[in-house]
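Participant: Mind having a look at this structure? Questions to follow.
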Amino acid sequence: MSTQTPALRLEGIVKTFPGVRALDGVSFSVMPGEVHALMGENGAGKSTLMKVLGGIYQPDEGQIFIAEDATVMSSPLQAKSKGVVFIHQELSLADELSVAENIYLGELPRKSLGRVDWEKLYAQTDDILKTLNVGFNARTKVGDLSIANQQMVEIARALTVEPRAVIFDEPTASLTDAEKVVLFEVIADLQSRDVGVIYISHRMEEIFKITDRISVLRDGQYRGTLNTKETNEEEVTQLMIGRKLDLSRNEMTHSLGPVALEVRNLSCGKLFENVSFTVREGEVVGFYGLVGAGRTEIAETIFGLREPSGGEILLDGEGVTVHSPADAIARGISLVPEDRKGQGLVLGMNCRDNMTLPQVDDMTAGPFVSDGAEIAIFDQYRDKLDIRTPGWRQMVGNLSGGNQQKIVIGKWLSMHPKVLIVDEPTRGIDVGSKSEIHNLIRELAAQGYAVIVISSEMPEVLHVSDRIVAMYAGKVTREFTAAEVTEDGLIQAISGL
Amino acid sequence: GGHGTFTIGITQNNVGVDSYQTTYEQAFIAAAEANDSVEVVVLDAGGDVARQIAQMEDLIQQEVDAIIVWPTNGEAVIPAVRKAHQADIPVIVTNSNIAEQGFEFVSSFSGPDNVTQGSRSAEIMCDRFKALGIENEAKVVHITGQPGYTTAIERAQGFNDRLPEVCPNVEQIDQQPGDWNREKSQQVMEAFLVKYDDIDGVYSGDDNMGVGALNAALAANRAEGITFVGATNFAVGYEAMADGTYWGSIYQSPVDDAEAALKTALDVLKGEEVPFLNYFDTPKITQENMDEFTKPVF
Amino acid sequence: MAELTKKSIGGFLAKQGILVAFLVFMVVFAIANPRFIDIDNISGVIRSSAILGVMALGVTFVVIGGNLDLSVGSMMSFSTIVVLDLHDKIGPALAIPGMFAMTLCLGAFIGFLVGYLKLNSLIVTLGMLSAIHGLTLTYSGGQNMDIADKQNTWFDFFGQGSMLGIPVPILIFALLAAGLSLVLSKTPFGRKVYAVGGNGTAATFSGIPRARVVFMTYILSSFCVATAGLIQASRSLGSQNTVGQGLELEVLAAVILGGASLLGGSGTVFKTVIGVLILGFIQNGLLLMGLAFYAQYVVTWVIIILAVWLDIAAKRGRLWSPIA
Amino acid sequence: MAELIFFSIAGEFLSVSEKAFMDFDNMLLLLKQSAPIGIIAVGMTIIMVNGNIDLSVGATFALAAIVLLDSMTWPFMQAMGNWAIPLAWLFALATGVILGAINGLIVWKTGVDAFIVTLGSMLGYRGLVFIYNGEQPTSHLNWTLVDFAEAQFLGLHTATWFLLGVVLLCWLLMTRTVHGRNAYAIGNNREAAVNAGIRVGPHFLWNFMLIGFLAALSAVVFYSESGSVNPNDGMLYELWAITAVVLGGTKLSGGYGSIISTLGGVIAIQLLRKGLGHIGADTETVNLVIGLILIAVLFLDRQLNRKGKEELRT
Ligand SMILES: Nc1ncnc2c1ncn2[C@@H]1O[C@H](COP(=O)(O)OP(=O)(O)OP(=O)(O)O)[C@@H](O)[C@H]1O
Ligand SMILES: Nc1ncnc2c1ncn2[C@@H]1O[C@H](COP(=O)(O)OP(=O)(O)OP(=O)(O)O)[C@@H](O)[C@H]1O
Ligand SMILES: O[C@@H]1[C@@H](O)[C@H](O)OC[C@H]1O
Ligand SMILES: [Mg+2]
Ligand SMILES: [Mg+2]
């Protein structure tokens, strides 16, 4: 921290949406060369605050200072010209365009006659990609990349300019460990160049690893700033959620039932081959692997979204062919999909209707949908999952990322499935809710559900699973019981070693 | 074409837009089939000038012996007609004429005289008013055909020019297009009926539209006092006349029209003398003389 | 309290911008020509809007489901011609179900192509616009189709009759609108239409049979078209082959004017009805003002844009767009 | 192209013409006849890639044609002799650009969807066409102009040169320039483009001006040769242009598409029309078959582009 003037400062920011006071007089600053964490529960207002800073929203009240000059951020373009780079929580990419075009979106290098200087563009991009150590190149179409790699493209944008401040809004939500390491190197590098970094994440271990200070928001209000070195997880959590967190694992107090789901030699083209495993009633089986290992595809195949090219699926010991999700649902299977915006939600629909969508046929009184039955379900899961929304009428697209995820979870839990598959269930979920969801998963198992948890977070898999299936490149490499699993063993199993 | 037969290409205006054009097409094909010395290529421009010009070019390229064109636009086809002329392919215009600038490239026009049709309709209307003794106070509304079409323009012009000559005190109070469409005309007439308490005559550019207007008046119980005059006596118009609700029209047969066009083309090809403006007659038809005419087939 | 009313008025404006715009036009026209609000005129306009309106009801479902239907105009011509032809051949009592069956087959074909084969609806229905026109011409031989004995048939009931003093076309339109409004807003099927149009992938992941839902929207649309064809045929007891030509764009305009998004997932039956009435009354109002038809075109342009603009401006709370 | 082979073979048996369908001159003619819709379709591709649509091109086409032909009859223009011709072209093109700019500005400033804005101006501009000259056609036959338009250079007609020139320039614009790439980005993900600081509004405006220009250019090319415009001319051109664009694979939702493939779509449609005429189909059949073939082409195209069995069943 070379100077005493903040790189930028926000003061008394107020922002309201119909029915929501998202920001209530928030002040916040970041020093040059500082990594400043912004924390808070889902819906606390973190993204909104950053959107105000990034010129996407205009605040109702309050001011923004860049190097102590009062500034109006009227548009993203202006924010960029003031040196504020924003790496968004939700991917903000044009997937039909190349990696290079996306990284330099809005500032493609030019030649005469408005032509794009492709050589320069590709050369510069390749330089950046080299420092990020990624496996794709400047000309790759973004749509062909995995979500994780797309996130890396977003991150690369921070390296195109000499920024004053860079905002990372949950950049690691879909990154694997290897990529996280690269990200942290990038951040360290920015720091060394006196750039102010604002870092939003729900992952405590990251926060304590890379940040200098932590500011906490709660219900749109500023709750204080802590020096990372002088605090601990407990204190931060307390500040965020106003209570202590019970992190103990809900130990198995129930015995396992018969095999609910069995998969034998299941294959789907080249996506995965000869996969076999079982899940018993009351059991949580974790699937761990790198991106592209094929876990999602297995789930999709069981759920009737893909046609297997070989193998069998058995439910309660009986071979079945699942033709469609409707079919899967009728057989008592639920899938919380990986991509909440694309697969999980109808963003333009309200919270209640999203939640009851798979069972709307059963929510009727006579020929009509019964409001009462639907609202009852919504209320139940809103309370259970602590979903923050002004009411069921709110459009899901207006919820914070984490609360959207909770709607998806609620939607599938309310189906009371026999087999519940959750794919990255806590992506973007705050610590408080995350442990609630973990408890919920354990609780469901105790009630006799058969649960599959697909996750790229090792702590999560370790925490919730009774058994862990490790995958590498479309094949099951090993199975571990909770008792025998070690971190090293897992890492080996998923790296194809 | 070889083997002692002629190949004649025709590009029609817009077949299917009403039964006149369809009947024309069928009659044309029937006439050609009945004649061993002719083969025909029948094309339809679908009302689109660009398509018609392309069809002319195609026919020239296929080296047909003569081209018959029912213009979508009496001026826009002139350069294409010139092209045919330059390729030594005689061109016969049918149903509605092309502009004078193009006459030098055309062998003959065969069809009705639409301006005269319009004036005749004006005369029918005026005679009726006189018979009813309202020629000094009658008020007329006018429903025209598809905007921009030569036939529609010529009939409207003939009517609008002639009516003040024969009935100087009759007032035309409104004019709106009915697009050759019965339904559209019915809506237009509904609005006229609301807007004007006093309507004595309705002139429509053809009987399809006229019957639409009649239906509107019948529904409003105001048909009794109104004289309906149209053009191109479609079967619906003929029936309405027989019912006594529709007064008069112009008798024009698409079969005559088509046969005349084919005959003119063959005469030209055989080197026979044909008049440049080869009009076939389209007489007045009213409730009074309708038994002299057979009911139209279309 | 005052605060509350102000807010609720603002909220109402934002929600019902189109309705407000509609009322404004009505007042302006009424001042310009008092005959405009003559009860006969109003009922006349609604009666002639009924045909367009009934078609728009079906297209509302298609559009909310995320697709387009440009074939409704030429399909309506088909229904009209067919029912008139069958009327004389097998009598009205059989002609009506016969025509409905044939029209529904066309709807099913389109629904199959768009729903199950997932072909682009714009191209499919544009293709069908042309193909059905060809079919109609083939069926009729291109001739006008008229009922031979127009005096002695009860078939004129649907287009010209009245019940309880209300013209039957208006009654059919109103009943169908009320019924379909319930279907769309209150039944599981309606909910699924919104979901499929809003995010088809998410709908599939929720176990909704997307293909079947899309298929059903086209069935519904063709049912509405058949109803419109019935009213049309009954209104004039005779018809040209081109009777519905060009209606597809008017229908679409009405649906869009009512606020349905072309991207799918939003819109309501009530708003479509307002859209239909706006178009009908604009046309009629301008005709009564004595404007040439082409002046009507220009005014309609301005009104459509103003209406939609005000509607979305009220929703977003500012007049000018936020597009940079 | 499947149609080409089909019509060549069918033509052998059905046609009364002794000329083959595949005849070289016939194919040259086909290119020429593709020009009016083709030039507009190129503009439509750009607009659709940008995430918009323009339904008013047919009316713009007609209004530009009116200005082209009518301006040559103005006294000062007549005094200029043949120098009036380039000036008339300029007036017509300016008309197109202005009409496009009106659409673009409304879309930009009001935020009303382009579909609605241009559905409105499709009516409004058509109204202006009628206001200009009542229901009468507007005509001015200038044989110098006609001779120029009918000329052939290196075997290709004037119209073909214009079509190919437009395709080439617009292809360069969309693939090589910053404006073009930004247009793709905006159509692909508007929010991302905004977040990246791309000014969406001006891009809309420029592209609408461009399609206005191209609609007018199409009119210039076509009416230089035909010399008369009906007030109804150009109706349904928007739908044919959109059809060609979609057949060429451009996505209706924006962000994806290619000018060259659009040219393919245009030629496919023209081939269909010409081929049906060649084999002597009657009006009913032409309508029926054009419609069904359109759907069949779409179907085949999809089958060929399927990702195979591994695809998600959504
Ligand atoms: N466009 C909007 N319209 C209405 N409400 C909104 C809108 N954007 C955000 N909100 C509301 O503002 C509040 C703050 O949301 P924000 O996205 O800032 O939360 P967050 O702290 O980033 O949460 P998360 O950790 O889940 O991402 C939430 O209650 C959210 O529902
Ligand atoms: N080798 C690879 N490199 C980059 N992307 C890949 C690779 N293999 C697969 N992908 C893509 O990555 C995406 C995610 O992979 P997939 O869903 O198969 O893996 P997963 O095991 O479910 O991992 P995760 O859930 O972490 O994404 C898929 O869309 C897939 O097409
Ligand atoms: O009805 C019209 C008929 O009267 C005219 O002679 O030709 C064109 C037809 O559309
Ligand atoms: Mg957030
Ligand atoms: Mg996955």
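Participant: Can you check what the net charge comes to around D:F130, using other residues whose Cβ is under 14 Å from the Cβ of D:F130 (Lys, Arg +1; Asp, Glu -1)? Don't jump to the answer; show the numbers that get you there.
Facilitator: Details: positive: D:R126; negative: B:D179, D:D70, D:E135, D:D233.
That sum, taken over residues with Cβ under 14 Å, equals -3.
Participant: Mind checking the per residue accessible area of the protein assembly as shown for me, 1.4 Å probe, whole number of Å²? Kindly include the intermediate steps, with their values, before the conclusion.
Facilitator: Working: 51310 Å² over 1433 residues.
Using a 1.4 Å probe on heavy atoms only, each residue of the protein assembly as shown averages 36 Å².
Participant: Let me have the relative contact order for region D:40-233, percent, based on Cα pairs under 8 Å that are six or more residues apart. Walk me through the intermediate numbers first.
Facilitator: Working: 291 pairs, mean separation 85.3, N = 194.
Once normalised by length, the contact order is 44 percent.
Participant: Here's another thing I want to ask about it. Mind listing the long-range amide H neighbours of B:Q172? Cut-off is under 5 Å, sequence gap 5 or more, other chains count too, H placed in the peptide plane at 1.01 Å from N.
Facilitator: Long-range HN contacts for B:Q172: B:V140.
Participant: Then there's this: Using a 1.4 angstrom probe with every protein chain in place, what is the largest-first accessible-area order of C:K315, A:K80?
Facilitator: Working: C:K315 110, A:K80 55 Å².
So, going from the largest accessible area down, we get C:K315, A:K80.
Participant: In region A:259-494, what % of DSSP beta bridges are antiparallel (nearest 5)?
Facilitator: Numbers: 23 of 41 bridges.
In region A:259-494, approximately 55 percent of DSSP beta bridges are antiparallel ones.
Participant: Now for a different question. Only bridges with both residues in region A:8-241 count here: give the DSSP antiparallel percent, nearest 5.
Facilitator: Numbers: 24 of 42 bridges.
Beta bridges within region A:8-241, antiparallel portion: roughly 55 percent.
Participant: Kindly rank C:210-220, D:246-256 from highest to lowest mean number of other beta carbons found within 10 Å of each residue. Kindly include the intermediate steps, with their values, before the conclusion.
Facilitator: Details: C:210-220: 23.8, D:246-256: 20.5.
Packing proxy ranking, top to bottom: C:210-220, D:246-256.
Participant: Still on this structure, I have one more. Report the accessible surface area buried between chains D and C, summing both sides, using a 1.4 Å probe on protein heavy atoms only, in Å² rounded to the nearest 100.
Facilitator: Working: alone 15950 and 15610 Å², together 27390 Å².
So the total buried area for this chain pair works out to about 4200 Å².
Participant: While we're looking at this one, here's another question. Using just the C-alpha positions of region A:8-241 as equal point scatterers, what log10 of I(q)/I(0) does the Debye formula give at each q in 0.08, 0.11, 0.12, 0.18 1/Å?
Facilitator: -0.29, -0.56, -0.66, -1.39
Participant: Apply 1/(1 + (r/R0)^6) to the Cβ-Cβ distance of A:L245 and C:L319, taking R0 = 35 Å, and write down the FRET efficiency to the nearest 0.05. Kindly include the intermediate steps, with their values, before the conclusion.
Facilitator: Numbers: r = 48 Å, r/R0 = 1.37.
It comes to 0.15.
Participant: Could you give the length gained by full extension between B:D161 and B:Q287, i.e. 0.36 nm per residue of separation minus their alpha carbon distance, to one decimal place? Display every interim value, and only then the final one.
Facilitator: Values: separation 126, 0.36 × 126 = 45.36 nm, distance 2.44 nm.
Length difference between fully extended and current span is 42.9 nm.
Participant: Something else now. Can you work out ³J(HN,Hα) from phi for every residue in region A:198-213, in order, using Karplus 6.51 cos²θ - 1.76 cosθ + 1.60 and θ = phi - 60°, giving whole Hz and x for Gly and Pro?
Facilitator: Computed from phi, the couplings for region A:198-213 are 9, 10, 9, 7, 9, 9, 4, 4, 5, 4, 6, 7, 10, 9, 9, 9 Hz.
Participant: Sketch the reach of a paramagnetic label on D:M22 as a point 7 Å from Cα along Cα-to-Cβ, and name the residues of region D:259-276 whose backbone nitrogen lies under 16 Å away.
Facilitator: Under cut-off, by backbone N: D:275.
Participant: Using heavy-atom solvent-accessible surface (probe 1.4 Å) with all chains present, what is the largest-first order of D:D23, B:D161, B:D291?
Facilitator: Working: D:D23 40, B:D161 85, B:D291 130 Å².
Most to least solvent-accessible, the answer reads B:D291, B:D161, D:D23.
Participant: Still on this structure, I have one more. Enter the mean number of other protein chain beta carbons within 10 Å of the beta carbon of each residue in A:346-358, as an integer.
Facilitator: On the way: counts 13, 4, 10, 9, 0, 0, 0, 4, 5, 0, 3, 11, 6.
Shielding by partners across A:346-358 averages 5.
Participant: Can you compute 3J(HN,Hα) from phi for each residue in region C:91-103, using the Karplus curve 6.51 cos²θ - 1.76 cosθ + 1.60 with θ = phi - 60°, rounded to whole Hz and x for Gly and Pro?
Facilitator: Result, rounded to whole Hz: x, x, 5, 9, 4, 5, x, x, 5, 4, 4, 5, 5.
Participant: For region A:259-494, state the semi-axes of the equivalent ellipsoid (square roots of 5 times the eigenvalues of the alpha-carbon gyration tensor), sorted largest first and rounded to whole angstrom. Provide the component values of the computation, followed by the final result.
Facilitator: Numbers: eigenvalues 174, 84, 48 Å².
In descending order the semi-axes read 30, 20, 16 Å.
Participant: Across chain A, what fraction of all alpha-carbon pairs, as a whole percent, falls in each successive 10 Å bin from zero upward?
Facilitator: Cα pair-distance distribution for chain A, in percent: 4, 18, 28, 26, 17, 6, 1, 0.
Participant: Then there's this: For a quick check, take a GNM of chain B with Cα springs below 10 Å and name the residue from B:V106, B:V274, B:V141 with the largest mean-square fluctuation.
Facilitator: In this elastic network of chain B, the residue with the biggest mean-square fluctuation among B:V106, B:V274, B:V141 is B:V274.
Participant: Could you order peptides A:175-183, C:121-129 by the average number of other Cβ atoms within 10 Å of their residues, highest first? Please list the in-between numbers first.
Facilitator: Working: A:175-183: 17.3, C:121-129: 25.4.
Highest-to-lowest ranking by the protection proxy: C:121-129, A:175-183.
Participant: Suppose every Lys and Arg Cβ carries +1 and every Asp and Glu Cβ carries -1, with no other charges. What dipole size does the protein assembly as shown come out with about its Cα centre, to the nearest 20 debye? Each step should come with its number before you reach the end.
Facilitator: Details: 100 positive and 148 negative charges, 901 e Å.
For the protein assembly as shown, the charge dipole is close to 4320 debye.
Participant: In Å, what Rg and Dmax follow from the Cα atoms of region A:362-471?
Facilitator: 15.2, 48
Participant: Using a probe of 1.4 angstrom, how much of the accessible area of region D:40-233 is carbon and sulfur, in percent?
Facilitator: Working: 4140 of 5910 Å².
With neighbouring chains kept in place, the figure for region D:40-233 is 70 percent.
Participant: Share of chain C's accessible area from carbon and sulfur, percent, 1.4 Å? The partial results should precede the final answer.
Facilitator: Working: 7980 of 11410 Å².
Of all accessible area on chain C, carbon and sulfur atoms account for 70 percent.
Participant: Ignoring GluC sites (Glu not before Pro) that are buried or in helix or strand per DSSP, and keeping those with at most 16 other beta carbon atoms within 10 Å, what is the longest stretch of chain B between them? Could you put the intermediate results ahead of the total?
Facilitator: Values: sites that count: B:E63, B:E137, B:E224, B:E272, B:E273, B:E288.
Counting only loop sites that pass the neighbour cut-off, the longest clear stretch is B:138-223.
Participant: While we're looking at this one, here's another question. For a quick check, take a GNM of chain C with Cα springs below 10 Å and name the residue from C:Q160, C:Q240, C:Q151 with the largest mean-square fluctuation.
Facilitator: Largest GNM mean-square fluctuation: C:Q151.
Participant: Would region C:188-324 count as rounded, prolate or oblate if I go by the C-alpha gyration tensor, calling it rounded below 1.5 in a/c and otherwise prolate when a/b exceeds b/c, oblate otherwise?
Facilitator: Numbers: a/c = 2.91, a/b = 1.18, b/c = 2.47.
Oblate, because a/c is 1.5 or more while a/b does not exceed b/c.
Participant: Calculated from DSSP H runs of 4 or more alone, at -39500 (n - 2.57) each and per residue, what is the 222 nm mean residue ellipticity of the protein assembly as shown, nearest 500? Display every interim value, and only then the final one.
Facilitator: Working: 53 runs with 746 residues, N = 1433.
That calculation yields -17000 deg cm²/dmol at 222 nm.
Participant: Also, I was wondering about something else. Grab the beta carbon distance between A:S27 and A:E68, set R0 = 22 Å, and tell me the FRET efficiency rounded to 0.05.
Facilitator: Computed FRET efficiency for A:S27 and A:E68: 0.95.
Participant: Still on this structure, I have one more. Hey, in the GNM for chain C with a 10 angstrom Cα cutoff, which one of C:I282, C:I46, C:I305 fluctuates hardest?
Facilitator: C:I305
Participant: If one takes the accessible area of chain C alone plus chain B alone and subtracts that of the pair, with a 1.4 Å probe, what total in Å², rounded to the nearest 100, results? Don't skip to the end; give the middle numbers.
Facilitator: Working: alone 15610 and 12530 Å², together 25710 Å².
Approximately 2400 Å² gets buried when C meets B.
Participant: Hey, in the protein assembly as shown, which Cys have no second cysteine's beta-carbon closer than 4.7 Å?
Facilitator: So far as the 4.7 Å Cβ criterion goes, A:C268, A:C351, C:C105, C:C224, D:C170 stand without a partner in the protein assembly as shown.
Participant: Would you compute, for the Cα atoms of region D:170-304, the largest minus smallest coordinate along each principal axis and list the three values in descending order, in whole Å?
Facilitator: Cα spread of region D:170-304 along its principal axes, largest to smallest: 56, 44, 23 Å.
Participant: Another question, if that's okay. Take every Cα pair under 8 Å in chain B that's 6+ residues apart, average their separations, divide by the length, and report that relative contact order as a whole percent. Before the final figure, lay out each step's value.
Facilitator: On the way: 633 pairs, mean separation 54.3, N = 298.
Reported relative contact order: 18 percent.
Participant: For the protein assembly as shown, would you read off the P(r) tail past 45 Å as a percentage of all alpha carbon pairs? The partial results should precede the final answer.
Facilitator: Values: 489596 of 1026028 pairs.
Of the Cα pairs, 48 percent sit more than 45 Å apart.
Participant: In Å, what Kirkwood hydrodynamic radius results for chain C from the alpha-carbon pair distances? Each step should come with its number before you reach the end.
Facilitator: Working: mean 1/r = 0.0486 Å⁻¹.
One decimal place: 20.6 Å for the Kirkwood radius.
Participant: How large is the direction-averaged shadow of the alpha-carbon convex hull of region D:40-233, in nm²?
Facilitator: Numbers: hull surface 45.6 nm².
Mean orientational projected area (region D:40-233, Cα hull): 11.4 nm².
Participant: What number, in percent, do you get for the relative contact order of chain A if the mean sequence gap of Cα pairs under 8 Å and at least 6 apart is divided by its residue count?
Facilitator: Once normalised by length, the contact order is 16 percent.
Participant: With +1 assigned to the C-beta of every Lys and Arg and -1 to the C-beta of every Asp and Glu, and no other charges, what is the dipole magnitude of chain A about the Cα centre in debye, to the nearest 20? Let's see the in-between values first.
Facilitator: On the way: 49 positive and 70 negative charges, 179 e Å.
Result for chain A is approximately 860 debye, rounded to the nearest 20.
Participant: Got a number for the accessible area of B:F159? Probe 1.4 Å, square angstrom, nearest 10.
Facilitator: We get 0 Å² for B:F159.
Participant: Got a sec? Which residues in region D:259-293 would a label at B:Q61 touch, if it sits 7 Å along Cα→Cβ and we count backbone N under 12 Å?
Facilitator: Inside the label zone: D:270-278.
Participant: I need the peptides A:17-24, C:162-169 ranked by packing, meaning the mean over residues of other C-beta atoms within 10 angstrom, with the highest value on top. Walk me through the numbers before you get to the answer.
Facilitator: On the way: A:17-24: 17.9, C:162-169: 14.6.
Output ranking for A:17-24, C:162-169: A:17-24, C:162-169.
Participant: Another question, if that's okay. Taking the Cα centre of the protein assembly as shown as the origin and placing charges on Cβ (Lys, Arg +1; Asp, Glu -1), which of C:A178, C:N152, A:G294 is farthest toward the positive end of the dipole?
Facilitator: Looking along the dipole axis, the top candidate is A:G294.
Participant: Here's a follow-up. Note down the nm distance, to one decimal, between modelled labels 7 Å out along Cα→Cβ at A:K130 and at A:S495.
Facilitator: A separation of 2.5 nm, rounded to one decimal place.
Participant: Give me the percent of DSSP beta bridges within the protein assembly as shown that run antiparallel, rounded to the nearest 5.
Facilitator: Antiparallel bridges: around 45 percent, rounded to the nearest 5.
Participant: At 37 °C and a viscosity of 0.692 mPa s, what translational diffusion coefficient does Stokes-Einstein give for region D:129-190, taking Rh as the Kirkwood radius over Cα pairs? Give it in µm²/s as a whole number. Spell out each step's value before the answer.
Facilitator: Numbers: Rh = 15.3 Å.
The estimated diffusion coefficient comes to 214 µm²/s.
Participant: Mind checking the mean number of beta-carbon atoms from other chains within 10 Å of the Cβ atoms in C:307-314? List each step's numbers first, then the result.
Facilitator: Working: counts 3, 8, 7, 2, 1, 5, 3, 0.
For this peptide, the per-residue mean of nearby foreign Cβ atoms is 4.
Participant: Can you sort C:S43, A:S92, A:S112 by 1.4 Å-probe accessible area, starting with the largest? Intermediate results must be reported in sequence, preceding the final value.
Facilitator: On the way: C:S43 35, A:S92 5, A:S112 70 Å².
From most exposed to least exposed: A:S112, C:S43, A:S92.
The values are calculated or read from the model by the stated rules, or taken from the named source; none is laboratory data. Source: prediction; values computed, not measured. Because the Cβ atoms are built from the backbone with ideal geometry, glycine has one as well, and the counts that use them run over all protein chains shown. Ligands, DNA and RNA are excluded from the accessible area calculation, which covers all protein heavy atoms including side chains. Shrake-Rupley method; radii C 1.70, N 1.55, O 1.52, S 1.80 Å.
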